[in-house]
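What follows is one structure encoded as structure tokens, with my remarks underneath.
Read the figures in this text as sums done on the coordinates, not as results from a lab. Values in this document were obtained by computation on a predicted structure and should not be read as measured data. In this analysis, Cβ positions are derived from the backbone assuming ideal geometry, glycine residues included, and neighbour counts consider all displayed protein chains.
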Amino acid sequence: MRTEQNINELEALKQKEIMERLKVRIAKKTEELGRPLTYCSVCFGCQMNAKDSEKLEGILETIGYVRSESEDADFLIMNTCTVRENANLRVYGRLGQLKKYKKKNPNMLIALCGCMMQESLVVEKIKQSYRHVDIIFGTHNVFKLAELIENKLNSKGMVIDIWEGTTEIVEDLPSDRKYDFKCGVNIMFGCNNFCSYCIVPYVRGRERSRKPEDIIAEIKNLVADGVVEVMLLGQNVNSYGKNLENPLSFAQLLEQIEEIEGLKRIRFMTSHPKDLSDELIAVMAKSKKICKHLHLPMQSGSTKVLADMNRRYTKEDYLALVEKIKTAIPDISLTTDIIVGFPTETEADIEETLDVVRKVRFDSAFTFIYSKRTGTPAATMEFAATEEEIKERFDRLLKEVQDIAKETCSKDQGKIMEVLVEGLDEQDDSLLTGRLSNNILVHFPGDASLIGTFQNVKLIKSKGFYYIGERV
Ligand code: 5AD
Ligand code: SF4
């Protein structure tokens, strides 16, 4: 019998065969040209997209393309985001500019993928107005890149392959890791929450959890390869495992991951407040490896707006949850996402949001102006406020968030804490940048040989959102 598992294994084998064929073709082309074929990978959006881009880059490297940062490469792949309108506009802007590269290098291939491509109107527009694009695919078939390239090389027209949804999770394909010492690991895909403003459930499909044994095996391999920190990725990690054949909670998965020898730090995102269990708080509180950081998007502090957003918790629920977390894990750093200008938001509602911000005192908050996404329930709601009013609310909230974050983030000044060294400081290469367990960055003198190691650093001066430190 063909089980889902062996269909997925067959698919992985098929892709590997295609990669072998492409390897030969690309090696031949490289010889003809007397130079390597290059690829440039551009990624917009969230950490899920960043992870998908690592997989795409892994496939491209496997078949023989060499990485380039320049957009006039032989193969350009753009992984798109559509969570807010301006993400889409940026892609169209970039696409226009690519035409001139293709004129210079007619063999150049341009591929588009990611969330924006799951919208049929977008694909129509590209078909009509951006005919220099060669390959379009979506979020469900990233593993098929090699096959799509082969199809393109064997045909003339644009290759378009968009899946409405999928239950397939194809394991064990190459991935090109950005860092040697840390790595994102998908634990689930998709989202079932349908927050009324959000397009993610439409473009990423229904929730699907990876099997715990596949996740554990991947992390063990990563650790054997030098990884000390993993970031478990999912749109809503707190509902991990509910649809597995043998259900397992996210907290139970974390306990299994904690057991992996050699793994030092565990991070995860994103958590939906409605699904965050007492079991998870207890596991985090006793864990030696789970980082002291929780990203807990609140979106709004108004119970009325939260109901209109279909978030399924109230202001009081959120505050009570934060209280419970802070009591169990006193040194936790809390961060959040907030949307300003949701259609039904009034002046009284933004005051509620400000009230929660003042009570919780987040270490940082990502603030967004509501962006209408066609096809979502909120897209048809009437606006209660003008654009100017919304802009003013946004500025007011941002100032409050930043003032509080500056104070909250400096609470450890003077202490000695452990950082994982991530790289050279981008501005000053006599300094290193490291990350504390609570996700705050520390810059301190040191050289590149320390990258990927843990160091004890004295946090000498808080600079608001980061520290200047000294190795002890
Ligand atoms: N408009 C503005 N912000 C949005 N987000 C999601 N959808 C929208 C939208 N339509 C924000 C939410 C989410 C974050 C990833 O993006 O705050 O948590
Ligand atoms: Fe979007 Fe809500 Fe799902 Fe997050 S939980 S991805 S905001 S629908």
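May I ask you to order 230-237, 41-48, 449-456, 277-284 by the average number of other C-beta atoms within 10 Å around their residues, highest value first?
Values: 230-237: 22.1, 41-48: 19.0, 449-456: 15.0, 277-284: 16.8.
Ranked by mean Cβ neighbours within 10 Å, highest first: 230-237, 41-48, 277-284, 449-456.
In the structure shown, the pairs 100/144; 178/211; 29/99; 125/304 are assessed against 30 Å; a Cα-Cα span above that value is assigned to 125/304.
Remark: C-alpha extents of segment 229-277 on the principal axes read 31, 23, 16 Å, sorted largest to smallest. Taking Cα atoms only, the orientation of helix 387-409 departs from the longest principal axis of the chain by about 70 degrees.
Rounded to the nearest 0.05, what FRET efficiency do residue 161 and residue 85 have when you use their Cβ-Cβ distance and R0 = 30 Å? Present the calculation step by step, with values, prior to reporting the outcome.
Values: r = 25 Å, r/R0 = 0.84.
The value I calculate is 0.75.
I want to make sure I understand the PRE zone here: with the label point 7 angstrom from the Cα of residue 382 toward its beta carbon, which residues in segment 158-198 have backbone N atoms less than 19 Å away? Within reach of a label on residue 382: no residues. Sorting the Cα pairs of the chain by distance into bins of 10 Å, from 0 upward, gives 4, 18, 27, 28, 18, 5, 0 percent per bin. Dividing the mean sequence gap of close Cα pairs (under 8 Å, 6+ apart) by how many residues the chain holds gives a relative contact order of 10 percent.
State the antiparallel share, in %, of DSSP beta bridges confined to the chain, rounding to the nearest 5. Walk me through the numbers before you get to the answer.
Values: 22 of 64 bridges.
Restricted to the chain, the bridges split so that about 35 percent are antiparallel.
The length gained by stretching the chain between residue 406 and residue 176 to full extension, at 0.36 nm per residue less their Cα-Cα distance, is 79.2 nm. Database remark: amide H of residue 207 closer than 5 angstrom to the amide H of 191, 192 (H placed geometrically; neighbours at sequence offset of 5 or more, or on other chains; Pro and chain starts carry no H). Here the contact order of segment 191-276, divided by its residue count and restricted to Cα pairs under 8 Å and six or more residues apart, works out to 32 percent. Inter-part distance, segment 1-55 to segment 80-101, computed on C-alpha centroids, equals 23 Å. The distance separating the Cα centre of segment 148-181 from that of segment 322-354 comes to 38 Å.
Using only Cα atoms and rounding to the nearest 10 degrees, what angle (0 to 90) does helix 347-360 make with the longest principal axis of the chain? Here the helix axis deviates by roughly 80 degrees. Among residues other than residue 144 with Cβ under 9 Å from its Cβ, the summed charge is -3 (Lys and Arg +1, Asp and Glu -1). Oblate is the label for segment 1-118, because a/c, from the alpha-carbon gyration tensor with a ≥ b ≥ c as root eigenvalues, is 1.5 or above and a/b does not exceed b/c. Rounded, prolate or oblate: pick one for segment 187-310, where a ≥ b ≥ c are the square roots of the eigenvalues of its C-alpha gyration tensor, a/c under 1.5 means rounded, and failing that, prolate if a/b is larger than b/c, else oblate. The shape class here is prolate.
Each Lys and Arg Cβ is given +1 and each Asp and Glu Cβ -1; about its Cα centre, segment 1-153 then shows a dipole of about 580 debye.
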